[in-house]
Amino acid sequence: MDEPRIGVYVCWCGGNISDVVNVEKVVEEIKKEPGVIVARHFMFMCSEAGQKMIENDIKTHQLNAVVVASCSPKLHEATFRNVVVRAGLNPYMYYHANIREQVSWAHGDNPEEATRKAIRHVRMAVAYLRHAKPLEKIKVDVTPSALIIGGGIAGLRAALDLARMGVAVHLVEKEPFLGGNTARLGEVYPYGRRGSEIAAELIRELLKHDNVAIYTNAEVTSIKGFIGNFEAEIRVKPRYFKGKCPNIMEAIKACPVKVPDEHSFGAKMRTAIRLPPYPGAYPDIPAIDMEACTKCGECLKACGDKIDFAQEEQVIRVKVGSVITATGFKPYEPREGEYGYKTYGEVVTLPQLIGILAESNGGGELVVNGRKIRSIAFIYCVGSRQKPSGDEKANTYCSRYCCNATMYTSLKILEKYPGVRLYHLYRDIRTYGKHELMYEEACRRGVVFLKYSEDDPPKVRKEDGKLVVTVKDLLTEGIEVEIPVDLVVLVTGMEPRPNEQLNEILKLPVGRDGFYQEVHPKLRPVETTLAGFFIAGTAQGPKDIKEALASASAAAAKAAGIVLKKQLELEPFVARVNPDKCNLSQKCIAECPYGAISIKEYDGKGRKAWVNAALCKGCGACVAVCPTGAIEIQGLTNEQIEDMIKAAAREV
Amino acid sequence: MSGEAFKPKILVFSTNLISDVGIDYTGLLHMHYPATTAIIRLPCSSMIRPEWIILALKSGFDGVFVAADGTDCPYLRDCTDRTARRVDKALRMAEEEGIEPQRIKMAAICSVCAEPFVNHMRNFYQTLVKLGPVKRRG
């Protein structure tokens, strides 16, 4: 750039900064730096007045670069890049010095040293700008379509939103039918509609759009490319059914296979033939589970003309501009013997109970496995809020939906089967928001609440053929209570779905809990650090149905924001090769995880390394390994970093 | 200077999306660590050229702390290994320069790792106090 003419603006942040950092001193010191034309401090730089002051100075003093020293760049870097743009500068002729989170707030115990650190941080910013060059955002063309992985309610909602916005959608579901976990539920809060009805309604709406391609029994097996231009490979497993078979029930009867039925969370058994599990399920065609099938051929006798064992896997390639991952959760499966699970038939999980209730037709009596149920104990927080011990994986989080779902289910039971006694053995009740009214109602209706300690959880045993639950109730000074019940319901939480294969392909960041992680829970709640990839629903963490749907609509809006543009502008912080310095060691090519670097013939300079800017994510791994310093991140060059180090090292 | 107690200066390399967020979080909680520090943020800790670590130690810093992305790295699954290789190389270069290896430290700092960061900085500071200033040539 021309001779640097830098303006430096030190913010008080009301007093957040200036109560600790001597801002006058910072300004006084920084004015001595070569290239600094003007330096000021002000109450709030981000205010209208502060922004105007910077704009005016840029014009009056012909500044060509600006430093603001204030809060974290995560908050206001974008704000001030816009300020310099308004005054006619390139947005990258700006550097943000962090003197609040990393200075005044961290060093309130030592104002003198804090002031020195602030000076070091501002000196670094000035050093950065001395060699800064205007940069252009990288422009790429966009494919106007989206890939959605997961056909549960979050995936369906996102697909529908995108389809309505005119975006072509490819929806991929691993199971033979759409609907996910929600479609397996009975009546849900607040209107008592079945989960399957909610899924069916979304499916019905989605099928009205001709810009939607649905792949069931299918998996995404590769994704290549970059934001705006991905190519995905989808593998569709055969269903082995060519259409509906009128004699299907005979075929089911003939099938010798019995495996746990996914749709009832394993509460019932099914054959190797999977039927559309609920009214409105899509597609309305059975599928054979080849992993369970013994190929005995009995079903052919009933549905011979509709079954085709010669069907083969199909591989489909699609081009998309954006990807939404909505792969949902896995219900926590209690360990064998955990509270008597799988040891006693009368111990079930909450999802299983909801399935059982959906099948029961009222009539005054609740019957489970042929047994009349007059009393139920619910044990809360099974598989949630676990204490980490040793190397064993622990679900330390709260699963969020379960208190509310248990309360709602209890009220439904009392409504349909008055007289059933309900005992809730809980650690804490977290019926946040409107759900609190259900908790109050449950108390009014005589549900008994007993609070147990996580260190001394309830015990389930069988005595004279009847379940007995023992619990020390903290609300009555730890008195041990014995409750004989007909049914024990384990209120199980949500776990991340084990998506190893998909994770290997997507490389989405996964948080400590094992769920997909957003960039920032508040500022960028459905975006991931991988540009063009969004997350929706419970794949991101425990959510109830309405929260899952809200996040799906948010992800759809963000995806549309990308694919509905003809061209995208990407941040320019990507690697770039100086062919004069490159000695073709090829270390950068081996180091790059994105395959962004290749060899290219440069005019008059021979074959040298070359970076495809659209593929480069700007991690800088190549920078560290280059023997000659030929590859650098533009906007953060080796020279800039070295100058920053030297500037910060100087005595204050 | 001679009359004052030695206050080691530490250069911290942080990462935009992970450890810099963790260091911000430390400030947000008003947790204290030695203020004789300076923090340079990079996209990823695997970007650090070993030469930069040596440059810092030869220019006036008494220690360099690499606040690595660790397993949370959004770019690289093996970020820890890669960053460790940069640090290993810097250690070998430091040895050649007669600089003590204890002046270079690397630890993964996650985006909410306020307490670990403070502990690392305090311990590192104490190590550097014991070592005294870098014996710079010339």
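The values are calculated or read from the model by the stated rules, or taken from the named source; none is laboratory data. From a predicted model like this one, the values you see are computed outputs, not experimental measurements. Don't worry about glycine lacking a Cβ; one is built from the backbone with ideal geometry, like all the others, and counts go over all protein chains shown.
Tabulated data for the structure shown
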read-out	value
Which listed residue, of A:Lys301, A:Lys268, is charged (D, E, K, R) and either touching a His at 6+ places or on another chain (Cβ under 7 Å) or farther than 24 Å from A:Glu359 by Cα (or both)	A:Lys301
Test: residue in segment B:105-116 that is within 27 Å of A:Cys622 (Cβ to Cβ), within 8 Å of chain A (Cβ to nearest Cβ) and in a strand (DSSP E or B)	no
Those residues of segment A:197-224 which are part of a strand (DSSP E or B) and buried (at least 18 other Cβ atoms within 10 Å of the Cβ), in sequence order	A:Val212, A:Ile214, A:Tyr215, A:Ala218, A:Val220, A:Ile223
Any chance A:Val140 is outside the structural domain of A:Glu24 (by TED's automatic domain parsing) and closer than 26 Å to A:Lys565 by Cβ	yes
Single residue of segment A:248-290 satisfying the filter (of a type in the set (D, E, K, R) and closer than 20 Å to A:Gly151 by Cβ) that is farthest from the chain's Cα centre (by Cα)	A:Arg270
Members of segment A:225-255 that are buried (at least 19 other Cβ atoms within 10 Å of the Cβ) and among the small types (Gly, Ala, Ser)	A:Gly228, A:Ala232, A:Ala251
Search result, residues across segment B:27-75 that are of a type in the set (S, T, N, Q) and at pLDDT below 95	B:Thr71
Selection from segment A:68-122 of residues that are of a type in the set (A, V, I, L, M), outside any helix (DSSP H, G or I), within 11 Å of chain B (Cβ to nearest Cβ) and under 24 Å from A:Gly35 (Cα atoms)	A:Ala97, A:Ile99
Residue identified as within 13 Å of another protein chain (Cβ to nearest Cβ), touching a residue at least 40 places away in the same chain (Cβ under 8 Å) and of a type in the set (Phe, Trp, Tyr) among B:Phe124, B:Phe61	B:Phe61
Those strands (runs of 3 or more DSSP E) lying entirely in segment A:411-481 with at least 2 residues hydrophobic (A, V, I, L, M, F, W, C) and either closer than 17 Å to A:Ala377 by Cα or in contact with an Asp or Glu (Cβ under 8 Å, 6 or more places away or on another chain) (or both)	A:421-426, A:448-451, A:466-473
Matching option when the condition is touching a Ser or Thr at 6+ places or on another chain (Cβ under 6 Å), within 27 Å of A:Gly228 (Cα to Cα), more than 14 Å from every other protein chain (Cβ to nearest Cβ) and modelled with pLDDT of 95 or more, among A:Val563, A:Val577	A:Val563
Spans of helices (runs of 4 or more DSSP H) in segment A:544-652 with at least 1 residues more than 30 Å from A:Gly328 (Cα to Cα)	A:587-591, A:621-625, A:638-649
Positions within segment A:102-149 being crowded, with 22+ Cβ neighbours inside 10 Å, more than 26 Å from B:Ile39 (Cα to Cα) and in contact with a Gly (Cβ under 6 Å, 6 or more places away or on another chain), in sequence order	A:Ile148
Residue in segment A:52-63 that is modelled with pLDDT of 95 or more, under 42 Å from the mean Cα position of the chain (by Cα) and buried (at least 20 other Cβ atoms within 10 Å of the Cβ) present	yes
Given (1) at pLDDT below 95; (2) surrounded by fewer than 23 Cβ atoms within 10 Å (Cβ to Cβ), index of the condition A:Arg164 fails	(1)
Number of the condition not met by B:Asp88 [criteria: (1) modelled with pLDDT under 95; (2) farther than 25 Å from A:Gly635 by Cβ; (3) among the acidic types (Asp, Glu)]	(1)
Close pairs (7 angstrom Cβ cut-off, 6 or more residues apart or separate chains): more than 24 Å from B:Tyr125 (Cβ to Cβ) in segment B:65-81, among the β-branched types (Val, Ile, Thr) and outside any loop (DSSP other than H, G, I, E, B) anywhere	B:Thr71/B:Thr80
Residue that is farthest from the other protein chains (Cβ to nearest Cβ), among those in segment B:2-34 that are assigned to a loop (DSSP other than H, G, I, E, B) and buried (at least 20 other Cβ atoms within 10 Å of the Cβ)	B:Pro8
Scope segment A:612-633; condition within 30 Å of the chain's Cα centre (by Cα) and within 14 Å of chain B (Cβ to nearest Cβ); matching residues	A:Leu615, A:Cys616, A:Lys617, A:Gly618, A:Cys619, A:Gly620, A:Ala621, A:Cys622, A:Ile633
Lone qualifier among A:Asp544, A:Asp486 - being modelled with pLDDT of 90 or more and touching a helix residue (DSSP H, G or I) at 6+ places or on another chain (Cβ under 9 Å)	A:Asp544
